[in-house]
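The values are calculated or read from the model by the stated rules, or taken from the named source; none is laboratory data. Since the model is a prediction, treat every value here as computed from it, not as a measurement. Because the Cβ atoms are built from the backbone with ideal geometry, glycine has one as well, and the counts that use them run over all protein chains shown. With ligands, DNA and RNA removed, areas are computed over all heavy atoms of the protein, side chains included. Shrake-Rupley method; radii C 1.70, N 1.55, O 1.52, S 1.80 Å.
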Amino acid sequence: DAMVIQNPRYQVTQFGKPVTLSCSQTLNHNVMYWYQQKSSQAPKLLFHYYDKDFNNEADTPDNFQSRRPNTSFCFLDIRSPGLGDAAMYLCATKPRRSTGGLGETQYFGPGTRLLVL
Amino acid sequence: QKEVEQDPGPLSVPEGAIVSLNCTYSNSAFQYFMWYRQYSRKGPELLMYTYSSGNKEDGRFTAQVDKSSKYISLFIRDSQPSDSATYLCAMSAGAGGTSYGKLTFGQGTILTVHP
């Protein structure tokens, strides 16, 4: 089945120790998004890629970086995690043009839960 | 003021009840409206999708959009314990601008359906 995969599902890191989260997709979608979701809060968009074109949200901290080496893979790098970065990180994808009347639907992976000690 | 407001609940109902969830929004540019269901420690999954105003029905689920009032609703008929989850409303102005197809989410409503 075509899907969005995130690894690892759970990640424990130490305060200040760099960490990388990965996302892969078999949907061949042009657009990929990274969201941060803290407990009982709405997902918050960090950045997105339209193909290789990177777009950062204005309020995304510099501590967060992203790479998209090809259509299928996207990585989220947290350079110096702080306690406030503990959250669920969600990857989502969207085709440039959707069919079947689902125009702006995004397809989410299962998320990576990050714990910072 | 948040762009999208959603009562976080929690909402607890008996099995078989009709559940009504809703969101209000302030951005008149929103044209695409979605409801996602999120089980504990899982990613959101699309439940309903509506473009512009109107109603859409899919099995036990009905989504309504009233753009004039900036108000959207999700109704669940004959609710089941398996419907227990967090329900997130999400909206988009569509492609264009600096955030391509960006979704703006409500906070989510925690629903528990007890047997």
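Count Lys and Arg as plus one, Asp and Glu as minus one, and take only other residues whose Cβ is under 15 Å from that of A:Lys17; the net charge is then -1. For chain A, just list the percent of Cα-Cα distances falling in each 10 Å bin from zero outward, please. Reading upward from the zero bin: 14, 48, 31, 7, 1. Rolled with a 1.4 Å probe across the full set of protein chains, the surface gives A:Lys44 an accessible area near 70 Å².
Averaged over peptide B:31-38, the number of partner chain Cβ atoms lying within 10 Å of each residue's Cβ comes to 3.
Under 5 Å from the amide H of B:Ala17 lie the amide H atoms of B:Ser79, each residue being 5 or more positions distant or on a separate chain, with H modelled from the backbone and absent for Pro and chain starts. If we count every other residue with Cβ under 13 angstrom of B:Gln31's Cβ, Lys/Arg +1 and Asp/Glu -1, where does the sum land? With Lys, Arg at +1 and Asp, Glu at -1, the net is +2. Measuring between alpha carbons in the structure, the pairs from B:Lys2/B:Lys56; A:Lys17/B:Lys102; A:Lys52/B:Lys2; A:Lys94/B:Lys70; A:Lys38/B:Lys102; B:Lys2/B:Lys102 lying more than 20 angstrom apart are B:Lys2/B:Lys56; A:Lys17/B:Lys102; A:Lys52/B:Lys2; A:Lys94/B:Lys70. The simple Förster model, with R0 at 45 Å and r as the Cβ-Cβ distance, assigns A:Asp59 and B:Ala17 a FRET efficiency of 0.70. Taking only alpha carbon atoms, the range B:1-98 gives an Rg to Rh ratio of 0.97, where Rh is the Kirkwood radius.
Report the percentage of all Cα-Cα pairs in the protein assembly as shown whose separation exceeds 31 Å, rounded to a whole percent. When all Cα pairs of the protein assembly as shown are counted, 21 percent exceed 31 Å.
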